[in-house]
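Remarks on the structure that follows.
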Amino acid sequence: MHTEAAAQGRLAHHFPDMKTQEHAARMGMWLFLSTEILLFAVLFTAYGLYRFLFPLGFEEASKLAHVTMGATNTVVLITSSLTVALAIHHARKGENRKVVGLLAITIAFGALFMVLKGFEYYHHFQDGQLPGRFYHYAGVTGPGVSMYFTVYFLMTGLHGLHVLIGMGLLTWVAVRAARGHFGPGYSTPVELSGLYWHLIDLIWIFLFPLLYLV
Amino acid sequence: MSPSPASSPVYNTPNYLNAEKGVRSWLTTLDHKRIGVIYLVLTLTGFFLGGVFALLLRLELLTPGPTIMDAMTYNRMFTLHGVIMIFLFMIPAIPGIFGNFFLPLMIGAQDVAFPRINLLSVYLYLLGAAIAVWGMIHGGTDTGWTFYTPYSTTTVTTVAPVLLGAFILGMGSIVTGLNFIVTIHTLRAPGVTWMRLPLFAWAMYATSVIQVLATPVLGMTLLLVAVERVFGFGIFDPARGGDPVLFQHLFWFYSHPAVYIMILPAMGIVSEVVQTFARKNMFGYKAVAFSSLGIAFVGFFVWGHHLFTSGQSTFASGVFGVLSMFVGLFTAIKVFNWTATMYQGAIQVSASFVYFLGFLYFLVFGGLTGIALSTVSLDVHWQDTYFVVAHFHFIMVGGTIMSFLAGLHYWWPKMFGRMYSERWALAASVLVILGFNATFIPQFLLGNMGMPRRYYSYPQQFQSLNVASTAGATLLAFGFGIILTYLIASLVKGRAAGPNPWRSRGYEWNTPSPPGVENFPGTPVYDHGPHEYHEPVAGEVTRAH
Amino acid sequence: MNLLNDFLRDLLFLPVQASDWARHLDFLHYFVFVASMLGGWATLATGLVFVLRYQRRRGEDEQSTPIVNPKPIHEAVFIGLPLVLFLTWFAIGYPQYVELQTPPKGAIDVYVQGKKWMWKFAYPGGPNSTDVLRVPAGRPVRMLLTSRDVIHSFFVPALRFKQDALPGRYTQAWFNANVPGRYPIFCAEYCGLGHSSMLGELVVMPAEEWDAWMEQQRRGSQPVAQDGRPIPAEEVDLRGSLIEQGQRIAGVQGCFKCHTVDGTQHIGPTWRDLFGRTVKLESGKTVVADEAYLTRSMMEPNAEVVAGYKPVMPTYQGKLSAPDAAAISEFIKSLRTDAPTAEPQKGPIYVPVTGK
């Protein structure tokens, strides 16, 4: 198995064997994911501080978030994590056609997420529920309300950007699967991009209650 | 007498420098050794640029009023000095140069774990540096490297490109750290157990952990400032409900661990240098290795000591103050161990070793002034004065740069296969150490007197100490100039170094000088640790001539 | 003892010690300095001895050396000694810092506003001034600092006193200067072009002199020139004490539409006897209505609403400058029924300084 991979020229010259190379790739991915978590941690910190300073403002403003769309998006993302996990499972077995299909569904869910998000943003724009000094919704005013929307757009915006990046990654992996690259000795790209997708899902699972539900 | 390059025995055999020729081969190289050399050229350019600005600042401070520039230019210049020194030299230099070059050699590997990502880090450095420097020069950024809000969110000078440049530089830093962690975990040759890992590798490991965990926080924080400037959302601006002190907390959460990114690799170099030139195994290897991890860990919890006068609660100040003491403790442990390593050693006082001694002196006193600042009450007087400036320059220049020079003089023969003039090197080392003392000891006293930082003009009573400091800076600059000269001269007419001019038993010396493209002719297997000098070793490489 | 203090103070280039706290701080400084010199040089000297003693034998590039490992006693000393020393320093310094942040009761309040690039001072019931602050010797003075624009930092080296002035917030610290004299004030947080020219002067006067001066200010028996630089034309209405200013501003800003001063229930809580009272909030928490709470209520009124009242108060962020808010706070303070009624009926007359 491993010699097969080596014969395909995948073993880099500085790694003693495929197993070590894959272990290294996985470790690198986990380290990268930790940097993403810390990136978002800054925004969560800002959220925490301003929520503490403006409890009433945040409470009132968060009622303006579209809970139904948010909840739907949560289901969409969690389901997409399932499909990507299944893709990894089949990649390990070398069933590349199923991998392509499952990844396509995952990407479609990602697109659906972005579409729903787009609707939410559109409604907020229409009503004047914008960040900082652009906020002009007359229905809810007071200190902290515009800050809520600053934090809301920054957090969901950064998250949305990561969803798009994830979709791009999965597309590239799907193309490789279509070419039959993956099998029992080699499925690392599927696993690593799957990990990235899971992180995106995980971040949303924290975002959703904090921004929509409390 | 000195051999010409063409017939030099150094470059007759193919090595990583001459195996592939042409600019293209350098721009697309995946060889960690070439990448190390590229970082050497790039970071030293940054260092000299930052140094020029420092000298200009010191010239301006010769008189209480305007001397050679106006206030706006001065403010722009200290911003340039700080941003360039920290982001273009202090953070990337030792990891980029010596980490890249020597980490694989030290663990018996053929390359780092991700060579392509290594090359990416070089381009991230270039792009980030270009954008940041262009932004500062073109737009006259005057915020200082700390970008405190709301000054940085409201100043009319250019800020956003500099923040973007810093963000990109940070990505390069993260990627380097990630690479090194995976390299150390997965590519150690058989026999290189964790407890035989060279101390420089331990230091790089601890540094890399900080790079990976802390840098994203800075990146996001600077991005938020840029967003606030461009869109006016009001994240840190109190006029729009924001909290300016939040910026300080987020900024220092990275920037304090960042100073450990700057000093830990230097401590690693010093561990290698003292073992080689005292020809003795490190006293307390485990303590030195684990104290590096200790510094990295505790270093994450002390950022609030930059906020003692910011109005934060006394409780917070107390916690941060006490924890800061513990970080100092880990450094003290290392100082004792380095000193004790010389006991019953066989010392050769080379230029590299002189820099080690200078490092020790500067770290002891620079470090103790840091502990003094952590007593909290003393910081009330010293905060934002020249005392703090002197403290961090003692550690960053007196510590990191002395160690950088020690490493450069130690590893130069290995990297380039040439010896430099030891006499000139010793002379320059004395000049640099003296010049450094003359520059910064007056600044401790200026801080005691109460002279604040970032002051373009100052009351008359501060002048004599300022003049003394400028004189020292000139001496220091002169010393650096001498070093640059003889090092470049060595590339042209230095004698061949041979594989092991220092007779060191560090693992990286088991290669030719300069090393070949392939680090080792196979996978090396080790049955002993590095720097064990208690008995003769069979097959040890003999002197070149 | 005094001789040693003076000697070390001169050696270290420290300024005069204009307060007891400064002197105590300097004692810690001396302790840290001497211990650091002794410990540091002892370590380095040991290293130097090793360098001289253990030189490599000539011609013996392969000289062997023993592997020496630390014994437990080494570890104990290397870790224990510095740790005990460092923690001792902390045990002395931290309480000093807490003391700085804990003003005693009865301290004289001074409102400080930093702005690019000058310091403005105001006493409750007293005059305003720019760049020059007069305080009585031997009496505690509490500084309530804020900024009009960016972060500044109020620094008096002679008192070893420093506190950041933040926009949108009040910070506080106190001192008790007991040596009369004139001491420089610096701004210690970079704030732009005029950062190094944002200088001030602290004038510590013997207590009786200061009392007399303050009395003059309040009575206005003679026209008093403003200390320091003239204030630009944008600053209007220097007449009246801070309390009267506060009453005037409150009227102009429409506060009395919802707040009464005589105890009557209305849309907002009455201001009579409000200051210093413990109030219960809508959220169930209780707070003391101090300057910080009052200021917060003006800037973020719906953050801490008093129980039983609706959150209908608009924010005055951007409408009330920091001195205005301070003036209103002083006015509310004066509405305590247990407060002494010896306020002057008429404020002093201020003649704006003409020319430089």
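The values are calculated or read from the model by the stated rules, or taken from the named source; none is laboratory data. These numbers come from a predicted model, not from an experiment. Neighbour counts run over all protein chains shown; Cβ positions are idealised from the backbone, glycine included. With ligands, DNA and RNA removed, areas are computed over all heavy atoms of the protein, side chains included. Shrake-Rupley method; radii C 1.70, N 1.55, O 1.52, S 1.80 Å.
Quick notes on this one:
- In the context of the full set of protein chains, residues of the protein assembly as shown present 38 Å² of accessible surface per residue (probe radius 1.4 Å, heavy atoms only).
- Dipole of chain C [Lys/Arg +1, Asp/Glu -1 at C-beta], most positive-end residue of C:Gln317, C:Thr130, C:Leu242: C:Gln317
- Among the residues of C:90-103, the average count of other protein chain beta-carbon atoms within 10 Å of the residue beta-carbon is 5.
- C-alpha long axis of helix B:463-493 to longest principal axis of chain B, angle in °: 30
- Here the ratio of the Cα radius of gyration of the range A:72-214 to 2.2 N^0.38 Å is 1.25.
- Reducing the range A:165-214 and the range B:134-189 to their Cα centroids gives an inter-centroid distance of 28 Å.
- Summing both sides, the accessible surface hidden between B and A at a 1.4 Å probe radius is close to 2600 Å².
- Separation between Cα centres of the range B:233-247 and the range A:118-157, rounded to whole Å: 17
- Global form of the range C:86-229, assessed from the alpha-carbon gyration tensor, a/c cut-off 1.5: oblate
- Restricting the range C:18-66 to trypsin sites (Lys or Arg not before Pro) in coil, as DSSP defines it, with at most 11 other Cβ within 10 Å: C:Arg57, C:Arg58
- C:Ala212 paired with B:Val156, simple spin-label distance in nm, labels 7 Å along Cα-to-beta-carbon: 4.9
- To the nearest ten degrees, helix C:322-333 and the longest principal axis of the Cα atoms of chain C are 70 degrees apart.
- Sites matching chymotrypsin sites (Phe, Trp or Tyr not before Pro) across the range C:92-182 that sit in DSSP coil, with at most 15 neighbouring C-beta atoms within 10 Å: none
- Summing Cβ point charges (Lys, Arg +1; Asp, Glu -1) relative to the Cα centre of the protein assembly as shown gives a dipole of roughly 1680 debye.
- Placing dummy labels 7 Å off each Cα toward the beta-carbon, the span from A:Thr171 to B:Trp134 is 2.8 nm.
- What a 1.4 Å probe finds exposed on the range B:35-509 is 76% carbon and sulfur by accessible area, rounded to a whole percent.
- Nearest-ten-degree value, helix B:422-449 long axis tilted from longest Cα axis of chain B: 20
- Quotient of Cα Rg and 2.2 N^0.38 Å for the range B:35-509, N being how many residues it contains: 0.94
- Over the range C:238-298, volume per residue of the alpha carbon convex hull, in Å³: 101
- Heavy-atom accessible area buried between chains C and B is around 7400 Å² (1.4 Å probe, both sides summed).
- Candidates C:Leu281, C:Leu159, C:Leu294, ranked by Gaussian network fluctuation over chain C, Cα under 10 Å, top entry: C:Leu281
- Rounded to 5, percent antiparallel among DSSP beta bridges of the protein assembly as shown: 65
- For C:Cys187, residues with placed amide H under 5 Å, excluding near neighbours: C:Met198
- Inter-site label distance for B:Val467 and C:Val306 at 7 Å from Cα along Cβ, in nm: 6.4
- Accessible surface of the range C:13-117, 1.4 Å probe, proportion on carbon and sulfur as whole %: 69
- Tensor-based shape of the protein assembly as shown (alpha-carbon gyration tensor, a/c under 1.5 rounded, otherwise prolate or oblate): oblate
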